[in-house]
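Right, one structure below, let's go through it.
The values are calculated or read from the model by the stated rules, or taken from the named source; none is laboratory data. Everything quoted here is computed from the prediction, not taken from an experiment. Glycine gets a Cβ as well: all are built from the backbone with ideal geometry, and neighbour counts include every protein chain shown. Protein only, heavy atoms only, side chains kept; ligands, DNA and RNA dropped before computing areas. Shrake-Rupley method; radii C 1.70, N 1.55, O 1.52, S 1.80 Å.
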Amino acid sequence: EPFMKAVPTISNLKLRASYGQMGNEGIGNFATISTYVAGGNTVLGGQIVNGAEPARLPNPDLKWETTAEYNLGIDFGIFDNRISGSVEYYTKKTFDQLFDKPVPTSTGFSSILTNFGSVSNAGFDVSLNTQNLTGKLQWTTGINFSTLKNKVVQLPPYIGQIISGGIIANIPGFALVQQGYPMYAFYGYKVTGIFQQNDDIAHSAQPGAKPGEPKFLDKNADGKIDASDRVVLGSPFPKFTYSFTNTFTYKNLSLSIFLMGVRGIKTFNGNIVESMFPINFNRNIMSKYYLRRWTPQTPNTGLPSGDNSSVYFGNGKMINNYSIQDASFLRLKNLSLSYEVPLRSTAVFRELTLSVVGENVFTITNFDGYDPDANQ
C-alpha cells in the first residue's frame, strides 16, 4: 500500500485469514439404505428355499464427518527483511463424528451408525528468521514455536466415556476418550506415596497392604481401590514444540546447528512396567527400579518394594504415574560442518564438498529409556 512507503523500517507486512472444510467419508457402502443378505432357509412346497434378512439398520440421515478450520495470521519483515517471520492462530473442529449408537436387540441389531460428537484442536504457530551477520562471517537463525490444545468437546449422551488402547503385556485399555479431556488421555491409578512401617494400614483403603507397597488415591473415598478410582494421568499431545537452527558461514566453511524440543507431553513407558512388574525375570530391566526400591533400611527412595508386585500392581494398576511418564526433551538433532573445496574449472568435477554430520548428538530428558521421541 502506498501509505506504507513512508515507513522504511517495515519491509513486508501481510494480514491473512482463511477458512475451509474437509470431509471424512468413512461410512460403509449402503449404510443409508435397506439391503438384504442371505439368511436362514425355510421349506415351501416341499422345497428348501433360501431366505434373506436385513443387513443393517439403515440411517438415511448419515453424512460425512466434517473438519472445519480457520486461520488468522500475520507475516512480517523489518530492516530490509533482516528480521522476518509469521504469527498464526488456528482452530480446527471436527463434528458430526461417526458413532455406533446402541439400540434394543429386539430390533435384530445391537447398534446403528449415527453422527454425533466433536473434537477441537487449537494453537499458535510462530516462526522467526534473522540475519544476524551479513559480512564475511554470515550468521542466520531460524526459530519455530507451536502450541496445541486438543479437547473432546462433545460425545453422544449414550457414550459417557470410551476406554481403549488395546492390551499390551497383559495391560488393559488405558486411553480415555471423555468430554472435556484430550483425545486418548492416559487413564489409570495415581500413586500418592509408599506405605511405611508405622502407617495405620489397617484403616486405609488398602487394609491388606504391607510396608513398601504403593498408596493409591481413593478418588471417590469409598474405602477401597478399584477401577472407579482411576484418574487422568496426562495428555499424549505436547503443550508446545520448538526448534532452533543456527547457520554460520565463513568463506567456504559452513556450520549448521539444529536443536528441537517438546514440552508438556506424557507417554506410556513399557520399560518401567517391565522393570516394576516383570512378566519374566529373565528379561533385562532398568537398574534404577531394582536397586532403588523400598527396603526397611532405605524407606524414602520413592519407589515401591520389589516384593509381591503382582499383588499391588495387578488389575490394571501398573498404569499409574510411574509408568505414564513425562517425555519432554531437548535434542541436538543435527550438527553439520562442511567445507566447499575450491576447484579450477574442469570437465570432471564442478564442485566438491567435504562434510561431517552428526545426527541425534545428545538429548536432555527425564524420560527413562532409549528415545522419548519414539514413544510419542
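Of everything in the stretch 316-351 that's touching a residue at least 40 places away in the same chain (Cβ under 8 Å) and of a type in the set (Ser, Thr, Tyr), which residue is most open to solvent (accessible area, probe 1.4 Å)?
By that ranking, first place goes to Tyr339.
Kindly check whether there is at least one residue in the stretch 226-239 that is within 21 Å of Asn360 (Cβ to Cβ), in contact (Cβ under 8 Å) with a residue 60 or more places away in the chain and surrounded by 16 or more Cβ atoms within 10 Å (Cβ to Cβ).
Yes, the stretch 226-239 contains at least one residue that is within 21 Å of Asn360 (Cβ to Cβ), in contact (Cβ under 8 Å) with a residue 60 or more places away in the chain and surrounded by 16 or more Cβ atoms within 10 Å (Cβ to Cβ).
Quick grid of which residues meet (1) over 24 Å from Asn284 (Cα atoms); (2) acidic (Asp, Glu):
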site	(1), (2)
Ala327	no, no
Ser338	yes, no
Leu343	yes, no
Phe349	yes, no
Leu352	yes, no
Glu359	yes, yes
Thr363	no, no
Asp368	no, yes
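Somewhere in the stretch 358-366, is a residue in contact with a Lys or Arg (Cβ under 8 Å, 6 or more places away or on another chain), surrounded by 15 or more Cβ atoms within 10 Å (Cβ to Cβ), without any contact (Cβ under 8 Å) to a residue 60 or more places away in the chain and closer than 30 Å to Tyr250 by Cα?
Yes, because at least one residue in the stretch 358-366 is in contact with a Lys or Arg (Cβ under 8 Å, 6 or more places away or on another chain), surrounded by 15 or more Cβ atoms within 10 Å (Cβ to Cβ), without any contact (Cβ under 8 Å) to a residue 60 or more places away in the chain and closer than 30 Å to Tyr250 by Cα.
List the strands (runs of 3 or more DSSP E) that sit entirely inside the stretch 15-128 and contain at least 2 residues that are touching a Gly at 6+ places or on another chain (Cβ under 7 Å). Explain how you work it out, then say what you get.
Working: elements: 36-44, 47-54, 65-78, 83-95, 98-102, 111-115.
So the answer is 36-44, 47-54, 65-78, 83-95, 98-102.
Would you pick out the residues in the stretch 5-52 that are under 30 Å from Thr91 (Cβ atoms), in contact with a Ser or Thr (Cβ under 6 Å, 6 or more places away or on another chain) and not hydrophobic (A, V, I, L, M, F, W, C)?
Gln21, Gly23 - these are the residues of the stretch 5-52 that are under 30 Å from Thr91 (Cβ atoms), in contact with a Ser or Thr (Cβ under 6 Å, 6 or more places away or on another chain) and not hydrophobic (A, V, I, L, M, F, W, C).
In the stretch 176-224, how many are of a type outside the set (S, T, N, Q) and touching a residue at least 40 places away in the same chain (Cβ under 8 Å)?
20
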